[in-house]
1. Extending each Cα 7 Å along its Cβ direction at residue 208 and residue 11, get the distance between those two points in nm, one decimal.
2. So, in nm, how far is label residue 179 from label residue 84 when the simple model puts each one 7 Å beyond its Cα toward the Cβ?
3. Neighbour counts of other C-beta atoms within 10 Å: give me 169, 64 arranged from fewest to most.
4. Between residue 19 and residue 216, what length comes free when the chain is fully extended (0.36 nm per residue of separation minus the Cα-Cα distance, one decimal in nm)?
5. Compute the Rg to Rh ratio over the stretch 96-248 from the alpha carbon atoms, using the Kirkwood formula for Rh, and round to two decimal places.
6. May I ask you to work out the translational diffusion coefficient for the stretch 26-135 at 37 °C, viscosity 0.692 mPa s, via Stokes-Einstein with Rh from the Kirkwood sum over Cα pairs, reported in whole µm²/s?
7. Pull out the extension gain between residue 69 and residue 143, defined as 0.36 nm times the separation in residues minus the alpha carbon to alpha carbon distance; nm, one decimal.
8. Order 203-213, 26-36 from most to least packed using the mean count of other Cβ atoms within 10 Å.
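A short reminder: the numbers here are calculations on the coordinates, not readings from a lab. A quick note: this is a predicted structure, and the numbers were derived from the prediction, not measured. Neighbour counts run over all protein chains shown; Cβ positions are idealised from the backbone, glycine included.
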């Protein structure tokens, strides 16, 4: 299947664009794709199509009949996940405590991203383990907070512009339990823990764990990874409701959703996005094949 014919005007949803260009992408790069990625792509392409069959819904009161094809229910599918995300939000919102919350974000340095992308299972496990332990280590220090935190973490691997950017968000209540678990120790309203100390501790824990589990990887990574300070951001989020709603969008849904993309001449697509921190809308154009290299697998 060739790339898209020249179009101008009109639009396609993300799922429609996948169906249109995926065969050409697979023909060129399919042999190099991991088996799991090919499996996910196949699920997305057959979502809500005759390939998955369907069900006929019938109302005995009005005699109305409606046939619907089955969904793939893969978390990477732009058409699926909305109901599960809302259910996850409904289940977790009542668990929020009546305290001030913080959103703490740990970001992987650029020099480590290529290695993590090649070793996602180990890389993500180490990032989650090191970052959560760094939070607990500092919080349990009597000179800091002297308490054990409650954490809810969500891993993100892409930015709004679909650039590979592994980072993990933690929704953290402003305080924790004392060592004997009998007292609540509250943090300051606008300050939880020092981000520089969190950065250094996370980096140290990650390196120590990598040394134990895959020591040969250290030789392939730039020494700057262990010399620079990793980016950690901490911000008060009030009751935590808005932060939890933000995190829910990425637990069962992709970063792209099933938005509509504008078709441009020469088989190009215009991808609108909101630039983080500015509130301004930007537009990015991609040739079809190049576009899929970064968008299919968030």
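1. Each label point lies 7 Å from its Cα, and together they span 5.1 nm.
2. Output for this residue pair reads 4.2 nm.
3. Numbers: 169 20, 64 9.
Final ranking by Cβ density, sparse to dense: 64, 169.
4. Values: separation 197, 0.36 × 197 = 70.92 nm, distance 4.03 nm.
Extending this stretch completely gives an extra 66.9 nm.
5. Looking at the stretch 96-248, the ratio lands at 0.99.
6. Approximately 176 µm²/s, per Stokes-Einstein.
7. Full-extension gain reported as 20.8 nm.
8. 203-213, 26-36
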